[in-house]
Amino acid sequence: MKGTRKRNKSATGISRHDVIVTEWRRLGAASIGTDELLRIQQAISHAFGEHAVESPASVARELALEGAELRHPEIIECDARWREAQIDKQLKTFSKVGGLQADQPLRLKQAELLIRKLERLSGRLARTRDRRQLAKLRTLAIDARRTAVARAKDPSLPNALRHEQAEISEWLMVWLETPNLFQQWVELRKSSPAFKERFSI
């Protein structure tokens, strides 16, 4: 509970709820619909950053508790458009690392390139403090590692490919545990005699 409260406070100590209610009162609107919700979302973005903006339906629920009259059809339509835009944004954000979810097993060079992109994207999201997208990125890496582990154990795959999958799962584990050290670690790993003996890249 403590952590949630902290995340919903701006640097000045104002809560997200305070921003919603203050902006609603400032607008002086008799009822709440699309225009009002968009203006309130802008106020939240200005106070906390774009990543902190909640859905129009969520904002409307908070205002209803404060006694606001809601124009329900507009709210439903506004919320649907917002969610669609969020999905499009997420697809665009993760498009460069989408290869981690490929149907075909990754090869080592592909995996290394994708993990480096994962690292850059993670750094960008960390700088903008977008915790939700960071969590989704981490989940993508965890899923990719699980897939690599499963493929490493798949007897239908050739031995060489299974070895690569085991290696990729190790790389992803290192990135998940110590992302800042991945680049140095992978270079050391590739220069090791054991790696050179098993892989010819």
What residues of region 139-159 lie in the reach of a label at Gln101, counting those whose backbone N is under 12 Å from a point 7 Å from the Cα along Cα→Cβ? 139-144
So how compact is region 2-86: Cα radius of gyration and Dmax in angstrom? 12.4, 35
Can you give the FRET efficiency to the nearest 0.05 for Glu62 and Arg83, using r as the Cβ-Cβ distance and R₀ = 22 Å? 0.80
For a footprinting-style exposure proxy, rank Asp143, Asp79 by other Cβ within 10 Å, fewest first. Asp143, Asp79
What's the extension gain from Trp185 to Arg25 if we count 0.36 nm per residue and subtract their Cα-Cα distance? 52.1 nm
Residues with beta-carbon under 9 Å from that of Glu54, excluding Glu54: net charge, scoring Lys, Arg +1 and Asp, Glu -1? 0
In Å and whole numbers, how far do the C-alpha atoms of region 128-173 stretch along each principal axis, longest first? 42, 15, 10
In angstroms, what radius of gyration and Dmax does region 102-198 have, counting Cα atoms only? 13.9, 43
Members of Lys89/Lys153; Lys96/Lys196; Lys136/Lys196; Lys89/Lys196 lying beyond 31 Å, as alpha-carbon distances in this model show: Lys89/Lys153; Lys136/Lys196; Lys89/Lys196
Mean-position separation - Cα centroids, region 61-89 and region 175-201, in angstrom: 48
Any chance you could list the semi-axes, whole Å, largest first, of the equivalent ellipsoid that the Cα gyration tensor gives for the chain, using √(5λ)? 46, 18, 12
Towards the positive end of the charge dipole of the chain, with charges on Cβ (+1 Lys, Arg; -1 Asp, Glu), say which of His17, Ala144, Leu176 has the farthest Cα. Leu176
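Laboratory data are not the source of any read-out in this text; all were calculated from the coordinates shown. As the structure is a computational prediction, the values presented were derived from the model and not from experiment. Because the Cβ atoms are built from the backbone with ideal geometry, glycine has one as well, and the counts that use them run over all protein chains shown.
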